[in-house]
Structure formats: C-alpha cells, structure tokens
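J.: One structure, pasted below without further comment.
The values are calculated or read from the model by the stated rules, or taken from the named source; none is laboratory data. Note that this is a predicted model, so its numbers are computed, not measured. When we count neighbours, we look across all protein chains shown, and the Cβ atoms used for this are built from the backbone with ideal geometry, even at glycine. Each accessible area value is taken on the protein alone, full model and side chains, heavy atoms only, with ligands, DNA and RNA left out. Shrake-Rupley method; radii C 1.70, N 1.55, O 1.52, S 1.80 Å.
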Amino acid sequence: VFAKALPPGSGIGDVPANVLILLDKSGSMSARMTSGAGVYYPESSAFDSNGDVYVGQYYTYGIKKFTYSTSQPDTSFGTNGLFRGTGSRGSCPIYYPRAMKVHNGYLYVTQFYGRKVVRINLSTNVCTSIANINYYSSTLDIQNDILYVFHRSGVFVRNLSTNTNISCSWSGNLRTYGDFAYGMAVDHTGNNLYLQESSYLNRF
C-alpha cells in the first residue's frame, strides 16, 4: 500500500490516497493449496501435467489430490477425495507412502512398511502392485521409462515400456547410502543418479 504523505501542518490526510493491491496466483506468493488441517502428516508429494498435486499421508491415512485450478480436494479421486488402497498388507496398500511420481497417466508410490511398489491409474482409480520389496523402500524416480526404487537391500529397476525388471548390481557406498536415502533423482541422460542421505548429496 502506497499513500501520499500528510500535508504540512495538517493533523489529518485530506488528499486521496493511492492504493495498490497485488493479487498473485503464481507460486511466488506461496499460496496455500488448502486451508486448515488439509492433510495429515504429509510424507510425499507429486504433481501431474495439469499442476494437480497428490499428497501421501503418514501411516494408513491415504493419498489426497488437490486440483490446481480450484485449490480444493478432488472428490473423484479415490473415495470422496481420499485413496487408501486395500489395506496395510493387502495387494495394493497405501501404507506409509514414502515417495511418489506421476508418469504416463499413473501415480507410482513406494510403500515403506507395506514393502511394495504400486501404481494408481489416474483415469480409473485402479491400483495394482508392480513389485514386492522384501526391505523398506524409500525413494523413487523415473527417467526414460525406467523406474528406479531404492530400498534397504539395494535398488529395484524396471522398464515401464516393456513391464520387465532389469537386473542391476551396485558397489562401493551406493548400497550404504541407499539404505537411508531421503531423496533421489536420475538426470535426463540416465547416466547419473543423485541420492540425498543425511546432510550429504551423493552422485553415482
């Protein structure tokens, strides 16, 4: 807000004020997508090509979708806007969702304690399990139709275009850092993998 100064010797402002109000829907103003207690302990998030946001919640509290254009929950997603899967030990659980990413119309989700990697068809809301992980899975990324998932015993890799798994080996500190990674990214070439572990960013 900008206003003219008071006239000299005057106790009140007797000139019209110049007022500027700026309304900004871009991310620069950090507008909230929802008000109040919209999500319960969010542990992961992803967004689609429309800018809609998916938020994975702690424990068995499921995944919520927020529509960018309205900033409101999408009630057509899951049941009344909440996707819970089929239970903590079912065929397609949403149980401690630790990492998520949208790719080709699917939402891929790692289940930390559910020990699975699942995907949700965003058009039909159908959830399927694509991998059983014997150890806790924490991070994922997708580049060039290749899915990478780190877990406590190594890395799971799958070619999504052919729906076949790729056998991979690792050496050095890759396994050590992968055990406790909190974030992961693969560059567009597929040649470099980045892991965020504790206070370090590692490149392999």
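J.: For V55, tell me the accessible area in Å² from a 1.4 Å probe, rounded to the nearest 10.
T.: The value for V55 is about 20 Å².
J.: A follow-up question, please. Which chymotrypsin sites (Phe, Trp or Tyr not before Pro) from region 71-165 combine a DSSP loop assignment with at most 16 other Cβ atoms within 10 Å?
T.: Values: sites: F77, F83, Y95, Y106, Y108, F112, Y113, Y135, Y136, Y148, F150, F156; in loops: F77, Y95, F112, Y113, Y135, Y136.
Those satisfying the criteria are Y113, Y135.
J.: Let me ask something else. Using a 1.4 angstrom probe on the protein heavy atoms only, could you order S137, S161, S167 from most to least accessible area?
T.: Listed by decreasing accessible area, they come as S167, S161, S137.
J.: Counting only protein heavy atoms and a 1.4 Å probe, tell me what percentage of region 62-156's accessible area is made up of carbon and sulfur.
T.: With neighbouring chains kept in place, the figure for region 62-156 is 43 percent.
J.: Hey, another quick one. Remind me, relative contact order of region 46-146 in percent, using alpha carbon pairs under 8 angstrom and six or more residues apart?
T.: Rounded, it is 19 percent for region 46-146.
J.: Report Rg(Cα)/(2.2 N^0.38 Å) for region 89-203, keeping two decimals.
T.: 1.01
J.: Projecting each Cα onto the charge dipole of region 71-143 (Lys/Arg +1, Asp/Glu -1 at the beta carbon, about the Cα centre), which of I120, P93, G105 comes out farthest on the positive side?
T.: Ranked along the dipole, the leading option is P93.
J.: What are the residues whose amide H is under 5 Å from the amide H of Y59, where those residues sit 5 or more places off or on another chain and H is modelled from the backbone?
T.: Y96
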